[in-house]
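The values are calculated or read from the model by the stated rules, or taken from the named source; none is laboratory data. Just so it is clear, the structure is predicted and the values come from calculations on it, not from any experiment. Quick reminder, even Gly has a Cβ in these numbers, built from the backbone with ideal geometry, and neighbours come from all protein chains shown.
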Amino acid sequence: MSNALNFQIPVGGFGSYLQGILPDDQAVLAGAFATAMQQINNVSQVDLQKFAQVVFSGETTIGLPLIGGTDVPTDVTNAAAALGKVALGMGPYGTYTNSNFFGAMSGLPYPLQQIQQGIQQLQTVKLENIYNQLYLAVSWTQATATATVTLSGGNYSLTGFTITNPGGGYGRGSASAPTVTVTGGNGFNATATAIIGTDATNLTTFGQVIGFTITNAGTQTGNPGTTTVQIQAPPTATLPVNTNGSIATGGTNTTYGTNGWSGYGAGMDAVVQAYITQANTEIIAISTSSPSNFQAANALNANYNSVGTALKQEQRARYIAIPPVPIPYNQFLNLYPTALYVFTDSLSTFATETAPHMAAQTLENISDLTLTGGQSIVGAMRQQRNQNRLQQVGIPLTNNIPNKLTNKQQTALALNGTLPNAVDGIPTQNNTQYTLPSYPNQPSTPTPIAAYNNGIVDSSGNVPGNVLPLLNVTGTALLPITPIPTTTPLPVVNGIPAGNTVPINLNTALTSSTLSPVSYNTTDAVNHVVTCNCDCWLT
């Protein structure tokens, strides 16, 4: 008698459990079908008869060839074109934020303090003088005035002037104040010297004629009648700022009637361009003079770009949200894109209104089925009805696109104040767009406890705190901005601080970067306890 064990290895493959019950080919088909059906959520718990009714009532994309046969549930080209018209906010993926409508009021996206600090850090006497002379060049205008001639004691004489145009650009290149001649009938001839504004901090008068000093009243007995006033025109020479940074001294006024803007690219156009070129050269010299200046210049440029981007987005968002009232007023006009949002959100409700003459039937009849848009409307309604049928028998679907950021994205946005995936924001060398940082220009400055680690490390192997989101993949600081001022380096976190019990939007470890302090920091808490104990001992 043999003691050997006899193992029977079960047959593998689809329908193996039906071996001996059904023919092999039918068993394989049944097993394959069962395996495929098990991919449906909760299908094993569904009543078979109800499920059969749902399958029988299911709708396909028949007759809609433009929306089928792809691996994505939309037309990519049309979707990109639509996003370019409706996703125009400063948030991730072009979403709108409160700052798109109240940014100028709150000051959040406008780093004006940082811009002022950057200008003060980088300015030189030479650059300041270049801009001083550039302003005078671009404001070049011939001044004009009328004269007042008074009869007194039998004699006519010049007694005053009325400025009709103060002009602009006077005093450039250290030019003296322009001289004035007044002529009239009977040989009347008087002279004066103009007084010009020289305070560069007051642009309402800088480089303009603000008064006159009469040097020869032209007293005579004959009536001069109508007089003519001729004021010298401002300088038209190039007059660049000197190498040592001082303003040129060779400026001279030109004759009355000179055409400063004598043609495109000529006259004052060429002078303005010369100052712009000189300013660009000086800016490069400043930014390359030291590593700290290089970083400060990059930060200043980024801050200027942030202001421009934020202002553009805010003006555009307000115009879209509250467009001008049409004249004549049309009470049937639907606001764009609000009407588009409302219609799209309502499509899931319209899809279920399948009674005669109701929404679903009406939309199918007015949709242009020769276009992707028309077929998409019909297809979306079919999909919604399929989803509702499956839910009726207890089959949940996972086809909804998330309408909020992931926990990691929310954490990074809360702590760092910026996030990738902006449609229009701060560009980087690797073609990533970051949302505009939320600068906390508010009465009580937040005190963030940490910065979120996006997994980028600098050349020294250290994660550089809250400037991290503005680095490229190599760790090179493109925009050395610190959105939130701190006195000590912030610890960097890889997860959500304080665990996951408290939701992200309520977690003070995260909201400490955007809201005013709500609790004492460690040092203040210790000092407060010590003070309290001392007071108690004294009593």
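What's the number of the only condition in (1) part of a helix (DSSP H, G or I); (2) buried (at least 16 other Cβ atoms within 10 Å of the Cβ) that Pro109 fails to meet?
Looking at each condition in turn, Pro109 falls short on (1).
Looking at region 141-176, which of its residues are without any contact (Cβ under 8 Å) to a residue 24 or more places away in the chain and either farther than 15 Å from Gly218 by Cα or in contact with a helix residue (DSSP H, G or I) (Cβ under 7 Å, 6 or more places away or on another chain) (or both)?
Residues satisfying the conditions are Thr162, Thr164.
If Ala302 satisfies all but one of (1) under 30 Å from Gln142 (Cβ atoms); (2) touching a Leu at 6+ places or on another chain (Cβ under 7 Å), what's the number of the condition it fails?
(1)
Please enumerate the residues belonging to region 347-363 that are closer than 15 Å to Gln387 by Cβ and not aliphatic (A, V, I, L, M). So that I can check it myself, show each step before the final result.
Within region 347-363, the subset closer than 15 Å to Gln387 by Cβ is 347-352, 354, 360.
Ser348, Thr349, Phe350, Thr352, Thr354, listed by residue number.
Please go through (1) surrounded by fewer than 11 Cβ atoms within 10 Å (Cβ to Cβ); (2) under 28 Å from Ser99 (Cβ atoms) for Phe332 and return the number of the only condition it doesn't satisfy.
The single condition Phe332 does not satisfy is (2).
Residues in region 77-88: is at least one surrounded by fewer than 12 Cβ atoms within 10 Å (Cβ to Cβ) and touching a helix residue (DSSP H, G or I) at 6+ places or on another chain (Cβ under 8 Å)?
No, the conditions are met nowhere in region 77-88.
For region 246-302, which residues satisfy the criterion of being surrounded by fewer than 16 Cβ atoms within 10 Å (Cβ to Cβ), aromatic (Phe, Trp, Tyr) and assigned to a helix (DSSP H, G or I)?
Hit for region 246-302 is Phe294, nothing else.
Let's see how each residue does on (1) under 28 Å from Phe51 (Cα atoms); (2) of a type in the set (Asp, Glu); (3) touching an Asp or Glu at 6+ places or on another chain (Cβ under 8 Å):
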{"site": "Arg318", "(1), (2), (3)": "no, no, no"}
{"site": "Ile327", "(1), (2), (3)": "no, no, no"}
{"site": "Asn334", "(1), (2), (3)": "no, no, no"}
{"site": "Thr352", "(1), (2), (3)": "yes, no, no"}
{"site": "Glu364", "(1), (2), (3)": "yes, yes, no"}
{"site": "Gly374", "(1), (2), (3)": "no, no, yes"}
{"site": "Val378", "(1), (2), (3)": "yes, no, yes"}
{"site": "Gln387", "(1), (2), (3)": "yes, no, no"}
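Which of the residues belonging to region 89-106 are touching a helix residue (DSSP H, G or I) at 6+ places or on another chain (Cβ under 9 Å), free of Cβ contacts under 8 Å to residues at least 60 places away in the same chain and part of a helix (DSSP H, G or I)? If you could, list the steps in order and put the result at the bottom.
Taking region 89-106 as the starting set, the residues that turn out to be touching a helix residue (DSSP H, G or I) at 6+ places or on another chain (Cβ under 9 Å) are 89-94, 96-104, 106.
Add one more test, that the residue is free of Cβ contacts under 8 Å to residues at least 60 places away in the same chain, and what stays is 97-98, 102.
Matches in region 89-106: Phe102 only.
Since Gln114 meets every condition but one in (1) surrounded by fewer than 17 Cβ atoms within 10 Å (Cβ to Cβ); (2) part of a helix (DSSP H, G or I), which condition does it not meet?
(1)
Is region 117-135 home to any residue that is closer than 27 Å to Gly173 by Cα, of a type in the set (S, T, N, Q), touching a helix residue (DSSP H, G or I) at 6+ places or on another chain (Cβ under 7 Å) and not in a helix (DSSP H, G or I)?
At the first step, the residues of region 117-135 found to be closer than 27 Å to Gly173 by Cα are 119-135.
Checking which are of a type in the set (S, T, N, Q) leaves us with 120-121, 123-124, 129, 132-133.
In the following step, the residues that additionally are touching a helix residue (DSSP H, G or I) at 6+ places or on another chain (Cβ under 7 Å) were identified as 121, 124, 133.
Within this subset, residues satisfying the condition of being not in a helix (DSSP H, G or I) are 124.
Checked against the condition, which is being closer than 27 Å to Gly173 by Cα, of a type in the set (S, T, N, Q), touching a helix residue (DSSP H, G or I) at 6+ places or on another chain (Cβ under 7 Å) and not in a helix (DSSP H, G or I), region 117-135 yields at least one hit.
Could you please let me know if Ile283 is in contact (Cβ under 8 Å) with a residue 12 or more places away in the chain and under 30 Å from Gln142 (Cα atoms)?
Details: in contact (Cβ under 8 Å) with a residue 12 or more places away in the chain: yes; under 30 Å from Gln142 (Cα atoms): no.
For Ile283, the condition - in contact (Cβ under 8 Å) with a residue 12 or more places away in the chain and under 30 Å from Gln142 (Cα atoms) - is not met.
Regarding region 24-40, can at least one residue be identified that is of a type outside the set (Asp, Glu), assigned to a loop (DSSP other than H, G, I, E, B) and either modelled with pLDDT of 85 or more or farther than 25 Å from Gln391 by Cα (or both)? I'd like the intermediate steps shown before the answer.
Within region 24-40, the subset of a type outside the set (Asp, Glu) is 26-40.
Still in the running and assigned to a loop (DSSP other than H, G, I, E, B): 38-40.
Now narrow it down to the ones that are either modelled with pLDDT of 85 or more or farther than 25 Å from Gln391 by Cα (or both): none.
No: region 24-40 contains no residue that is of a type outside the set (Asp, Glu), assigned to a loop (DSSP other than H, G, I, E, B) and either modelled with pLDDT of 85 or more or farther than 25 Å from Gln391 by Cα (or both).
What are the residues in region 211-241 that are assigned to a loop (DSSP other than H, G, I, E, B) and either exposed (fewer than 15 other Cβ atoms within 10 Å of the Cβ) or not assigned by TED's automatic domain parsing to the domain that holds Pro178 (or both), if any? Can you show your working first?
From region 211-241, those assigned to a loop (DSSP other than H, G, I, E, B) are 217-219, 221-227, 232, 234-241; that's our starting set.
Within region 211-241, Thr219, Thr221, Gly222, Asn223, Gly225, Thr226, Ala237 qualify.
Give me a count of the residues in region 314-353 that are among the hydroxyl-bearing types (Ser, Thr, Tyr) and within 27 Å of Met105 (Cα to Cα).
Taking region 314-353 as the starting set, the residues that turn out to be among the hydroxyl-bearing types (Ser, Thr, Tyr) are 319, 329, 336, 338, 341, 344, 346, 348-349, 352.
If we keep only those that are within 27 Å of Met105 (Cα to Cα) as well, we get 319, 336, 338, 341.
Residues in region 314-353 being among the hydroxyl-bearing types (Ser, Thr, Tyr) and within 27 Å of Met105 (Cα to Cα): 4 in total.
For Asp199, all conditions in the list (1) within 30 Å of Asp269 (Cβ to Cβ); (2) touching a residue at least 12 places away in the same chain (Cβ under 8 Å); (3) not β-branched (Val, Ile, Thr) hold save one; what is the number of the exception?
(2)
For region 346-396, which residues satisfy the criterion of being surrounded by 12 or more Cβ atoms within 10 Å (Cβ to Cβ) and part of a loop (DSSP other than H, G, I, E, B)?
Hits for region 346-396 are Ala351, Thr352, Glu353, Thr354, Met358, Ser367, Leu369, Leu371, Val393, Gly394, Ile395.
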